[in-house]
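All remarks here apply to the structure that follows.
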Amino acid sequence: MQYVTLGRTGVQVSRLCFGTMSFGADADEQVSVDMFKGCRDAGINFFDCANVYAEGRSEVILGKLIADCRDDLVITSKCVMPTGKGPNQRGASRHHMFQAVEQSLKRLNTDRLDLYFLHHYDPHTPIEQMLTALDDLVRQGKILYPAVSNWSAWQIAKSLGISQFSRLARFECIQPMYNLVKRQAEVEILPLAESENMAVVSYSPLGGGLLSGKYTTKTRPEVGRIVENKMYSSRYGDESNYQVAERFSAYAQQHDTHPATLAVAWVMAHDAVTAPIIGARNPDQLAPSLAALDYEMSPEQYRQISALSIDPPLATDRAEEQ
């Protein structure tokens, strides 16, 4: 296993992070145990979670699994998304954040979270309040490094300025969506991360299964996130995405490589990406993603795969001068 530094933290993490969203949901406890063991056997020391995954069951299962190896692992969780029906059981206010951290620590049976992500941007809470609350949690030792997911580049950049000016613990890691059909992160988020030495732990390298080889312009599997989940079907429902998936699957077949392996390896090949987050419903589904650890992608192959989808437009309209 190759380990890399997580941004400027000095912490060493595996080149793949395992996302535990399936724990207690698509994967029962025994299947979760088997996948965790498979990841640990492969050398993975980085596990991503959130307080809303399986209504908290993912954290409970992960907490049991890390009990005898907690100090060897880097564990994350998140807050902001609704955890109940109450008006204050959501968001990034100090009120909710402090409660959410305590609840996650209890479910995970740990005394600290290595990375704590704001899961989404909260338009109702000033960024200054979010950052001050996170800084207080760092000072209390309940989280080690603040992190952010699903924010735009300008929001992240603004937060970095506030943190520096006010001498607050800053975001050290970004968690954006990133795969061959969702490349918006290339425009500003990944360049921002490189410029500011922030770690990038990107999610959905398989595009919700779209790049697993099961989807073409004419065929769909009977089960899968895109088929069963309205959020995923909306996210990837555009016909152009299926065209990319079809071209990508054909390319993988020509190179005698599982599409999932190639999809994860392509994300890993981006210089700004610290560790893609892989996920699975069972060990068999996990295996080809783990195989990306041993796949060596040449610069030429990276360019060939990138050409299978459309490059996102630049951040400026003056493209002719770039």
Near residue 88, within a Cβ-to-Cβ distance under 15 Å, what is the net charge of the other residues, with Lys and Arg +1 and Asp and Glu -1?
-> +1
Enumerate the residues in segment 269-290 having an amide nitrogen under 16 Å from the point lying 7 Å beyond the Cα of residue 255 toward its Cβ.
-> 269-271, 288-290
By how many degrees, 0 to 90 and rounded to 10, does the Cα axis of helix 259-268 deviate from the longest principal axis of the chain?
-> 50
Flagged as over-length at 26 Å C-alpha distance, from 85/158; 85/106; 85/230; 78/230; 182/214, the pairs are 85/158
log₁₀ of I(q)/I(0) at q = 0.09, 0.15, 0.16 Å⁻¹ - the chain, Debye sum with one point per alpha carbon | -0.45, -1.31, -1.47
Positive dipole terminus of the chain, leading residue within 89, 138, 74 (C-beta point charges) = 89
Cβ charges +1 (Lys, Arg) and -1 (Asp, Glu), total dipole of the chain, debye | 800
Extension gain (nm, one decimal) between residue 4 and residue 302, 0.36 nm per residue minus Cα-Cα = 105.2 nm
Per-residue ellipticity at 222 nm for the chain, helices alone: DSSP H runs ≥ 4 residues times -39500 (n - 2.57), over residue total, nearest 500 deg cm²/dmol?
-> -11500 deg cm²/dmol
When Lys and Arg each count +1 and Asp and Glu each count -1, what net charge do the other residues less than 15 Å away from residue 185, Cβ to Cβ, add up to?
-> -3
Would you mind giving the three semi-axes, in whole Å and largest first, of the ellipsoid equivalent to segment 3-175 according to its Cα gyration tensor?
-> 26, 19, 13
Can you tell me the 0 to 90 degree angle between the C-alpha axis of helix 94-108 and the longest principal axis of the chain, rounded to 10?
-> 70
In degrees rounded to 10, the 0-90 angle between helix 127-139 Cα long axis and the longest Cα principal axis of the chain is 70
What is the distance, in nm, between label points placed 7 Å from the Cα along the Cα-to-Cβ direction at residue 28 and at residue 228?
-> 1.4
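Readers should treat all values here as calculations from the given coordinates under stated rules, not as data from a laboratory. Just so it is clear, the model here is predicted, and its values are computed rather than measured. Every residue, glycine among them, receives a Cβ derived from its backbone with ideal geometry; neighbour counts consider all protein chains shown.
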